[in-house]
Every structure is written in structure tokens, then in C-alpha cells.
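Structure first, commentary second.
The values are calculated or read from the model by the stated rules, or taken from the named source; none is laboratory data. Everything quoted here is computed from the prediction, not taken from an experiment. We place every Cβ from the backbone using ideal geometry, glycine too, and count neighbours over all the protein chains shown. Accessible surface areas use protein heavy atoms only, side chains included; no ligands, DNA or RNA. Shrake-Rupley method; radii C 1.70, N 1.55, O 1.52, S 1.80 Å.
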Amino acid sequence: MLSTIKRSNLLPLWLLGPVGVLLILILIWPILQGIALSFYNTRILTYSEGRFIGLANFNALFQDEYFWNSLRVTATYGIASVTATYALGLGFALLLNREFAGRGVIRTIFILPWAIPEVVAVLIFVWMLDPQFGVLNYLFTSLGLISEPLPWLSQSHLALPALVALTAWQQFPLAMLIILAGLQMIPREQYEAATIDGAGPVSRFIHVTLPGLRSVNIILILLLTLNSFRRVTMIYAMTRGGPARSTETLSILTYNTAFEYQRIGYAAAVGTTLLIILLFFSVVYFWATKQGKDA
Amino acid sequence: MNPSYKEKIVSAFWFIVTLVLAAIVFFPYYWMFVSSVETESMFSWPPHLVPSGFTLESYWTIFEERAIGRWFINTVIVAGSTSLFSTIIAINAAYALSRFKTKTTSVFTVLILFSQLLPAALIVVPLFVIFQQLGLYNSLFGLAIADTAFILPVAIWLLKGFFDQIPVEIEQQAMIDGCTQLGAFYRVVLPLALPGLVVVVAMSFISGWDEFFLARTLIASQDNWVLSVGLTSFRGEYTLDWSQMMAAAVIFTIPALIFFLFVQRYLVAGLSAGAVKG
């Protein structure tokens, strides 16, 4: 272990002080205020001027169809985007795990979506999905995938799939890199031994690759899930939760309730519910990380 | 002879599959660029997959007719400050977490991990008021402070990984030679962790550059907008010219992309090490 040091114990405190101040001021204190606000009825952003109403916001929340809709959207978006992101990440990681000329360049191309600013990714997709002049409508109709150009972002049953596609395109590199690192930790001998035992590629994938990726998979999928619950920029910039609330996740519902409808206490209650869900998944995440480390 | 021939066919097959997929993954980038330099109207059908001509007119127009130059400067200020603040703060914090094992460091470890998973959507509601009370609302400095807080946990964690790899004996030797502990850190450890520093500088710059959500919430006046907010504001317009929009998108993307490609290798290594080792 690192030898712990001499001198005053105050040094770490001095070194860490600025971090503490910033994180408490910008992240922790607002969260605590947000939780407090959820017990108030206020349209003004200072809860000292609101009225304490106990759990009334939460009672109203559980009878609010928009809240249940948002919960459904969060779950659907979470499951679909995590599945798509993971599948692309795994597929590309397996492709890149082979030896071939120009692997470095190809890997960089596969990482590029991750390097683009999220709002730019959104703008490109909105343009490509344009109902009249969008190139994807052109390609999809030419290939016979759809019979006529579709108004992707103005129809509630098409907006969510479009959002999932954008998410998967932008986020798969993260999954790919993590899986790739996991693949490289699987000892070569295991594959050789399996081959000697007569295992084909599919069987090697099922009996060597997948078990080898187990701990990486659990952590990655939880991380992607947490990110999907917290995601704001991409969804807000693309649809603002619309059309007809079809992409309104809990994060977006919190923001819209506060800044569009000025129902601050109610928004805080939505946000606090989201926080509780996140904390639950985070506990599982840390537990899984710890398991992965001990294994 | 036969099995190696078969192997070659198989590798060639996968190589072609990889190339095709790379082209599909790259297509949105390609389309952004092509749309920005296309000579023919965007409102023509069918779209030209290969541009029918090349012009930089959209780039000139976007600079002449929009406040985009001003937003560009604002974005540079915010991203630069975010990078500066996060790097200075993260250096000291990461060193403390890497070299000390005290009650203080374990409290901060929990604080840093915990703050990483909080939902931004809930944070910004009270933060909006806190920033107004502190006079940080609608200020580029305030935005940079907020961006710094959001990227700090990642920056610290990444940098700690780099410090952990430098043997503690090196600074102990420097201390025997008469350095103070901080002196040994700044003069001996820090230069050795230079790749890590570069990564943190670049990564925090990129995050400040790309950031949209905080900027959308904490900046009110158009003069103080950053590119991410300015660009998305064009979308609501009735006569939106997509070729100008894509030109602006290219301008916005290039600095982030350069920084990214510059540190890609280290970033990837740091990230995967963090994720796999936990």
C-alpha cells in the first residue's frame, strides 16, 4: 500500500477544500433544497415563501396521469436505449477485437459519434429526419423500408424510436470501449482450450466470451441505465418531451414542470422521485462494482 | 493450405463488414459536412448523396447574419475557464486522494462518487435561484463555475488513476533531498503525470464547450449565449436554412473534435482502466 504520510493531517483538507466547496454549493445544496421544495406548494423558487403541505405533492403525483406516462416513457426509453447501445457496443467491440490492417483508424471512426457535441448530434438527426427533405426518408423509401416519407419527430409513436436511435448512435462508443477492454482481459488460453475441445465460434462466444464479460456487463448496463434516467440535453434539445409527451422522461418532466409551468414544488416532487429511483440503481451499481473488484 | 485459405476468406468477409459499418456510423458526420457545402438548395428532392458542387457561402452567411462570432467567443471563455478551474482543483484533490488515507479522504471519496449520480434536472431548479442570489446568474463566469462542478468528479477520478501509477518512493526521495511534500508533488510527481494533466485539460475543455443544459438554464440574455444554446435556437425559425445550420454545426464541432482526437488514446486508456478495474 502507499505509505501514508508525515506531517500535519490538515494538508489533505486544504487540497480537497475547493472541491468540497464547489460540489456542496453547486450539487449537494441544490439537491437538498430540491428535496425540501417537494414538501411545499410554491410557484416561486424560494421555499421560504411557499406553504408547507407535507406529502400532498406526492399524493397528487401518484394520481397524475402525466406522471405515470412519464414513468412509462422513462422505462421504455431506458430499456430500449440501453439495449440498443449495448448491442451496438458489443457487436463493434467483437469486430474490433480481431486483428486487421487499419484497426486504429477504424476504431477512431467508431469512437467519433461520442466526440460530437450532443446538440450537434441532435441537429444532424433532426435534419436527416426532416419530413420533407430528410436524407433518411429518402434512403429508407429507396430501400423500400418505408413506403412514404415519415414525419418522425411530430408523431408520438415515431419520436421515441428516433430518440433511441440517436442515443444509441451517440452512446455506443462508450459501451464499445468498455467491452473492448473487458474482452482484452479474457486470457487467450481459454479460447485455445475451447478450440481444442472442439468448440466453434458460436460456442466459444457463449462459453468463453460471455462469462468473461460478466462483471463488465453488469457494471456497464447499470451505468447506461443510470445515464438514460439522468439524460437531459439530448432529449430536451431534440423534442422537449413532445410530441404529446411521448418522450417526456422523468428528467424532462421535472424541468418542464419547473420552467414551463412554474410549478416549483410539484417539479421538485417529480425530481425527488427520480432521485429515489437513481439512488436505488446506484446502490445496486456500487454493490456490483464491489463484487466485480472482489472477484 | 486449405484451412488458412478459409481463414483468409473469413477475415476478408469481416473486414468488409467492418468497413461498411464504419461508413454507416460515419454517415451523420458526412451528411453534416456535405449539407454545409452543397451548392444546390437544401429544399430540393431527392437529396444529393454526393454534393453537386462545393461552396463556403453558408459559412460566410452564418457569420455575417448571426451573432455566431460573439457566441463563439463566449463559448471559448466558458470552456477555457472550465478547463482552467477544473484542472487546478482536480490536481490537488486527486493528489490528496491518491496519497493520503485519512478520514478526510474517505469522506471526500464518498462525496465525489455521490455527487456524480445526482440528476441534473432536479439540481437546476434550486440552482437557478441560488445563482440569482449569488449574482452568478446570466454570467459566463457563473456558468463556468457550474460546468466545473459537474465535470470535477470525473476529472479527479481520472487524474487520481494517473497519480496512483507513480511510485510514492519518487517523492519520498525528493523529500529526503529537502523538498516539502507539496514541493515534491509539484516538482517531481506532476511532470511525470503530464499525460494525465493533458487529458484533464482537454476533457474539461470539451465538456465546457459542449455543455447545453446548464447554459440554457443559467444564461438569460442572447449576448451571453454560448454556441450550443444559440445553434438550437435557430430550429424554431420558420425559414430555417439547414445548410447554414450545418455550417454552424461544423464550426461548433471542430474545436471539440480536435481536442478529442488529441487525447483520444489516453482518454480511452483511462476510461477503460477505470471501468474494468472499478
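Where helices (runs of 4 or more DSSP H) sit wholly within the stretch A:129-221, those with at least 1 residues that are under 26 Å from A:PHE286 (Cα atoms) and of a type in the set (Ser, Thr, Tyr) occupy A:156-184. Residues in the stretch A:12-51 that are more than 7 Å from chain B (Cβ to nearest Cβ), part of a helix (DSSP H, G or I) and at pLDDT below 90: A:TRP14, A:TYR47, A:SER48, A:GLU49.
Restrict the check to the stretch A:265-280 and report whether at least one residue is part of a helix (DSSP H, G or I) and polar (S, T, N, Q). Looking through the stretch A:265-280, at least one residue is part of a helix (DSSP H, G or I) and polar (S, T, N, Q). Looking at this structure, is A:LEU183 among the aliphatic types (A, V, I, L, M), more than 17 Å from A:ALA75 (Cα to Cα) and over 20 Å from the mean Cα position of the chain (by Cα)? Criteria met by A:LEU183.
Only one entry in B:LEU158, B:LEU152 is at the interface with chain A (Cβ under 10 Å from one of its Cβ atoms) and within 30 Å of B:LEU261 (Cβ to Cβ), namely B:LEU152. For A:LEU275, the conditions (1) open to solvent by 50 Å² or more (accessible area, probe 1.4 Å); (2) under 17 Å from the mean Cα position of the chain (by Cα) are fulfilled apart from (1). The set of residues in the stretch A:100-113 that are facing chain B (nearest Cβ under 8 Å) and assigned to a helix (DSSP H, G or I) comprises A:ILE106, A:THR108, A:ILE109, A:PHE110, A:ILE111, A:LEU112, A:PRO113. Tell me which residues, restricted to the stretch B:204-244, are of a type in the set (D, E, K, R), surrounded by 15 or more Cβ atoms within 10 Å (Cβ to Cβ) and modelled with pLDDT of 90 or more. B:ASP210, B:GLU211, B:ARG216 - these are the residues of the stretch B:204-244 that are of a type in the set (D, E, K, R), surrounded by 15 or more Cβ atoms within 10 Å (Cβ to Cβ) and modelled with pLDDT of 90 or more.
Per the listing B:VAL25, B:VAL34, B:VAL110, B:VAL20, the residue uniquely outside the structural domain of B:ILE219 (by TED's automatic domain parsing) and either more than 26 Å from B:THR232 (Cβ to Cβ) or touching a strand residue (DSSP E or B) at 6+ places or on another chain (Cβ under 6 Å) (or both) is B:VAL20.
Which pairs have Cβ atoms under 7 Å, sit 6 or more apart or on different chains, and link a residue in the stretch B:51-79 that is of a type outside the set (Gly, Ala, Ser) to one that is open to solvent by 70 Å² or more (accessible area, probe 1.4 Å)? Filtered contacts from the stretch B:51-79: B:PHE54/B:THR39; B:THR55/B:THR39; B:ARG70/B:ASP223. Looking only at residues of the stretch B:235-244 that are free of Cβ contacts under 8 Å to residues at least 40 places away in the same chain and in a helix (DSSP H, G or I), we find that the one that is nearest to the other protein chains (Cβ to nearest Cβ) is B:ARG235.
When A:GLY292 is tested against (1) open to solvent by 20 Å² or more (accessible area, probe 1.4 Å); (2) facing another protein chain (nearest Cβ under 7 Å); (3) at pLDDT 90 or above, exactly one condition is not met: (3). Per the listing A:ARG263, A:ARG188, A:ARG204, the residue uniquely farther than 26 Å from A:TRP127 by Cβ, loosely packed, with under 15 Cβ neighbours inside 10 Å and modelled with pLDDT under 95 is A:ARG188.
Filter the stretch B:46-77 down to the residues that are surrounded by 18 or more Cβ atoms within 10 Å (Cβ to Cβ) and over 16 Å from B:ILE251 (Cβ atoms) and list them by number. Once the filter is applied, which keeps residues that are surrounded by 18 or more Cβ atoms within 10 Å (Cβ to Cβ) and over 16 Å from B:ILE251 (Cβ atoms), the stretch B:46-77 yields only B:PRO47.
Could you tell me whether B:ILE166 is touching a Ser or Thr at 6+ places or on another chain (Cβ under 6 Å), among the aliphatic types (A, V, I, L, M) and open to solvent by 10 Å² or more (accessible area, probe 1.4 Å)?
The answer is no for B:ILE166.
Test A:THR167 against the stated conditions and say whether it is closer than 25 Å to A:THR247 by Cα, modelled with pLDDT of 95 or more and surrounded by fewer than 21 Cβ atoms within 10 Å (Cβ to Cβ). So A:THR167 fails the test. In the stretch B:82-91, the count of residues that are within 7 Å of chain A (Cβ to nearest Cβ), touching a Gly at 6+ places or on another chain (Cβ under 9 Å) and either more than 17 Å from B:SER204 (Cβ to Cβ) or open to solvent by less than 20 Å² (accessible area, probe 1.4 Å) (or both) is zero. Within the stretch A:207-220, the set of residues being surrounded by fewer than 17 Cβ atoms within 10 Å (Cβ to Cβ) and within 25 Å of A:LYS290 (Cβ to Cβ) comprises A:LEU210, A:PRO211, A:ARG214.
Residues that are hydrophobic (A, V, I, L, M, F, W, C), within 13 Å of chain B (Cβ to nearest Cβ) and touching a residue at least 12 places away in the same chain (Cβ under 8 Å) do occur in the stretch A:148-156, at least one of them. Considering the stretch A:121-139, the residues that are farther than 20 Å from B:PHE252 by Cβ and open to solvent by 10 Å² or more (accessible area, probe 1.4 Å) include one that is farthest from the other protein chains (Cβ to nearest Cβ), namely A:PRO131.
For the stretch A:233-248, state whether one or more residues are crowded, with 20+ Cβ neighbours inside 10 Å, within 11 Å of chain B (Cβ to nearest Cβ), under 13 Å from the mean Cα position of the chain (by Cα) and under 15 Å from A:PHE281 (Cβ atoms). The answer is no; no qualifying residue exists. Taking the numbered list (1) at pLDDT 85 or above; (2) over 15 Å from B:ILE254 (Cα atoms); (3) open to solvent by 30 Å² or more (accessible area, probe 1.4 Å) in turn, B:VAL37 passes all entries but (3).
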